[in-house]
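Structure first, then comments.
Rule-based calculations on the coordinates, nothing more; no lab input. Computed from a predicted structure; not experimentally measured. Cβ atoms come from the backbone with ideal geometry, glycine included; neighbour counts cover every protein chain shown.
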Amino acid sequence: MGLMGNESPAGYLRELWAFHEWRCGMVQSVMETLERPKWDEQLTGSFGSLIQLLNHLAWAEQVWFERIRNHPMPPRLNLEGPAIFETWQQANAQWRSRLADPELAPDQRFDFANSKGATYQMSLTEIVVHLVDHATYHVGQVMNGVRGLGGKPVSTNFIHYLRTQQKK
């Protein structure tokens, strides 16, 4: 159990994604404890509200998934309430399915254009690590917002994920 216990780079990515999905579930659990109107309350930070942060997180996963498929960038999300979690779970499931492919090549490189049209190339490993790292930053903002709105945030750190897996 744990990232370094995996025998292959593909196993590493699958474990990293399992952590990410666990963390997304923790975010959903915390959000469900807040009264729904609080999801839309204005906050300081990168995005104006918790729901806007959640839309950004789910959309980022969709964007990167479409990039590895060489498809156009999907439109930005503007979902309300629990629908955001359904969409986020679907995006997570697409990634999980892709990472479960026995032919997975973690070093496969993908060409893409960012939102400003600049072109880049990244490996699948770099993309997955970026997505998980990106979510770490914004999940921290979500938990800070939850605290500021009177809710009780939870730890979504990797060590807590490992401990929950050891209890199973």
Exercise. Run down 144, 114 and say which single residue is farther than 24 Å from residue 10 by Cβ and surrounded by fewer than 14 Cβ atoms within 10 Å (Cβ to Cβ).
Key: 114
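Table: residues versus (1) in contact with a Pro (Cβ under 7 Å, 6 or more places away or on another chain); (2) under 17 Å from residue 131 (Cα atoms); (3) of a type in the set (Gly, Ala, Ser); (4) in contact (Cβ under 8 Å) with a residue 60 or more places away in the chain.
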| position | (1), (2), (3), (4) |
| --- | --- |
| 14 | no, yes, no, yes |
| 17 | no, yes, no, yes |
| 24 | no, yes, no, yes |
| 37 | no, no, no, no |
| 65 | no, yes, no, no |
Practice problem: Return yes or no: is residue 15 charged (D, E, K, R), crowded, with 21+ Cβ neighbours inside 10 Å, part of a helix (DSSP H, G or I) and under 15 Å from the mean Cα position of the chain (by Cα)? | Solution: no
Quiz item: Hey, any hits in the range 39-55 for a residue that's within 30 Å of residue 168 (Cα to Cα), in contact with a helix residue (DSSP H, G or I) (Cβ under 9 Å, 6 or more places away or on another chain) and surrounded by 19 or more Cβ atoms within 10 Å (Cβ to Cβ)?
Solution: yes
Exercise. Kindly provide the set of residues from the range 126-168 that are β-branched (Val, Ile, Thr) and within 16 Å of residue 22 (Cβ to Cβ), ordered by number.
Key: 128, 132, 136, 139, 142, 154, 156, 159, 164
